[in-house]
Amino acid sequence: MAVASIYRNYNYELEQMLETNAAVINVSGRQRMLSQRVALYSMRLIASPPELRSDLRQKLSEVLDLMAESHQGLLHGNTELKLASHHSPEIAKIYYLPPYELDQQVCHYIEAGRNLLVCPEAELTTDNVYLKRILVAASESLLIALDAAVTQYQKEKESLDFAIDIYQAQLYQSSLDAQAIAEERAQELAQTLKQLQSTQQQLIQSEKLSTLGYLSAGLAHEINNPLNFIYGNIVHAKGHIEDLMTFLDLLETTELDPKVLAASEELDLDYLRQDLPQIMTSMLYGSERIRSLVIDLQKLARKDPADKEFFDIHEALDSSLVILQHRMKADQPIHVKKRYAVLPQIACHISQINQVFLNILNNAVDAIQDTDRAGQITISTQFLEPSNRPAFVRVTIGDNGTGIAQEALQHLFEPFFTTKLSGKGTGLGLSISRQIIVDSHQGDLRCFSQPNAGTRFIVDLPIEL
């Protein structure tokens, strides 16, 4: 009876903690989304004709108000949003201390947005100082700080979830002892507890992937609509400019009014005729690159059907590389060397396979950035038909990063294990990667590494199940 009473009281407190914790993670994730929406509406406000700006000002104002309300709720609590007024020391550091100073960054970001709202029409140009502040913060310092906060909130939730599971398991064990359950039942419980960490990590990772998928799909959709408008009109604009150039060539064959000649010289018409087509070509190339990135985001965010489908592994690898391209072109550029063989398509859940490749490649980038050497990632594929097993595809991903110590290598695929320092990411993601490859696809995932000698992952996937 004593155990049951403690269990009931604990369950009530547990529900309150879980509800608050879930609300905090939801609102902090929404802050990140709102910051990107502020940047998007700010760019739309600048790019739109004056007759459409009133509605955009209203939308931008609403997003700024919502972001300010959420920020104050996260800092000081909000009963309606179910946000507590106390924070862990780690969260307080992110909000108030260098290098993030998230509170100050959010306030400055909101202030820049509101200043942009009241700017006169004549100042709503791409050179607007408030627009520049918003775009820089949204893609660099503010985004990094918001990601740090979301990551820390998630880590604290994972710790709480794990502690709750362990405590519940301990209470259950106490009840079994009180009822004198047989030894074989106690052994069964021990096995259940052994599997608890793996199950917990899988549930957490599944929720993360679901959230990432919805955000990526929404972002890709938001970008795709205006991009299609831009991309479609650039082609027509390029044709119109070519027609104008032809017309100017025709004018040169006729005797022009002196005023027209003077205006031509003042405008440096020869330079404009040379530079304008190049500008249009560059714009077309840029919009094509953005379209490619949006397509890869949509591939990553797609929801897998219940049954496996046949896909090209090379396409999955290339999509992951595109998603990580911004990290590979940072202060320490990374060269990617691809050695692709001719492969058949394989039956798989492609979004899960994408996540595995993304985890491995992301860890490779982290390992290279921790060194001073020129970074290189090598990706090779093979089609193998051994005599003692069905045919399969092998993907090998190697890097020349810091490598992994042998003692760490033994625990690499365990839940919650990470070689990263506190505050640098949430883990390697290799436990869920192994479950995807081995359990879901009956393949194999291995790692070979030595300190200062790089790391090599081998992924084997059967052709058809």
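So here's what we get for this one:
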quantity	calculated
Using a Förster distance of 60 Å, the FRET efficiency for Leu384-Leu267 (Cβ separation, nearest 0.05)	0.40
Residue-level accessible surface for Ser287, protein heavy atoms, 1.4 Å, Å²	10
Exposure rank, largest accessible area first [His71, His236, His86; 1.4 Å]	His86, His236, His71
Segment 351-420 - percent of accessible surface contributed by carbon and sulfur, probe 1.4 Å	46
Whole-Hz ³J(HN,Hα) from phi, Karplus 6.51 cos²θ - 1.76 cosθ + 1.60, for segment 314-329, glycine and proline x	4, 5, 5, 5, 5, 4, 5, 5, 5, 4, 8, 4, 5, 6, 7, 10
Whichever aspartates and glutamates have a C-alpha closer than 15 Å to that of Lys337, once near sequence neighbours (fewer than 8 apart) are set aside	Asp318, Asp399
Over 30 Å (Cα to Cα) - which of Lys82/Lys308; Lys308/Lys329; Lys132/Lys329; Lys238/Lys259; Lys59/Lys132 fall in this group	Lys82/Lys308; Lys308/Lys329
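The values are calculated or read from the model by the stated rules, or taken from the named source; none is laboratory data. Note that the structure is predicted; figures quoted are calculated from it, not measured. Reconstructed Cβ throughout: ideal geometry from the backbone, glycine too, with neighbour counts over all protein chains shown. Accessible surface is based on the protein model in full, side chains and every heavy atom, while ligands, DNA and RNA are left aside. Shrake-Rupley method; radii C 1.70, N 1.55, O 1.52, S 1.80 Å.
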